[in-house]
Amino acid sequence: MTSQKGVIIATIIAALITAGVTLYVYFDGKEDGLLVTETVNHENPKENDEKQHVPTPRITFSEVFITPVDTNIPSSFFAEITNTGSKSANEFLVSVDFGEATPESCEVVSAGSAVIDSGGSSVIKRWEVSELAIKQSLYVVCNLNAPFFKALSVGEGNLENDAQLTFSSYKEQREEESITFLEGVLRFWLVAFSGILLFYFFLRLMKSLG
């Protein structure tokens, strides 16, 4: 009887290990792909509580990508900016500070929205967007002489919050998303070993009960 109890306990432990490792792999692979933004709220908390049920626009950076290495050909900068709020965003500004890099050319693509180049400098590009409807995106594409940007920002207009993504935040996000080949192999063998262990103890349990 003691032997049977030991086998049962071992089987339960093996099952928990397998479930834990499997869930870890699953949820780790399901991390939110949205890039982290830093927001600055211009209203006080009391006003926010009063307006929490009022439809508002919310701008997020759905995807940002820049060429990971410097090459002899121009580097590419790409940003997808999406209105994930409950109201159209109107008359707001999009700006990209390229810092040490120099943009050779830029284009903003947005279906149904008027986008006006509002100037800037040789390293800072600004655009005024007349309207960005709910769930609609606009795309900023630039060719650069180096794979770098200092900050991507949106603000003003009817936006309650300014949003900004810095290059350091972008790099941190990419590093968190990347899984090395060795880590992938290790996780695979952890799941495989746990499954084999569970199957082994299951056979022992069936044998002891039989």
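Where a number appears in this text, it was derived from the coordinates with a stated rule and is not lab data. Note that the structure is predicted; figures quoted are calculated from it, not measured. A quick note on method: Cβ atoms are made from the backbone with ideal geometry, for glycine too, and the neighbour counts reach across all protein chains shown.
At a glance:
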read-out	value
Zone residues, region 64-92, relative to residue 150, backbone N less than 17 Å from point 7 Å out along Cα-to-Cβ	none
Chain lengthening between residue 76 and residue 126 when straightened (0.36 nm per residue, less Cα-Cα)	16.2 nm
Cβ-Cβ FRET estimate between residue 54 and residue 114, R0 fixed at 30 Å, reported to 0.05	0.70
Distance in nm between pseudo-label sites at residue 171 and residue 207 (7 Å out along the Cβ direction from Cα)	5.6
Per-pair calculated FRET efficiency, R0 = 22 Å: residue 62 and residue 141 via Cβ, rounded to 0.05	0.95
For region 54-159, the spread of Cα positions along each principal axis, largest first, Å	49, 24, 22
Loop trypsin sites (Lys or Arg not before Pro), region 80-139 (other Cβ atoms within 10 Å of the site Cβ: 12 or fewer; DSSP)	135
Those residues of region 75-107 whose amide nitrogen sits under 16 Å from the label point placed on residue 133, 7 Å along Cα→Cβ	82-91
Chain lengthening between residue 191 and residue 84 when straightened (0.36 nm per residue, less Cα-Cα)	34.8 nm
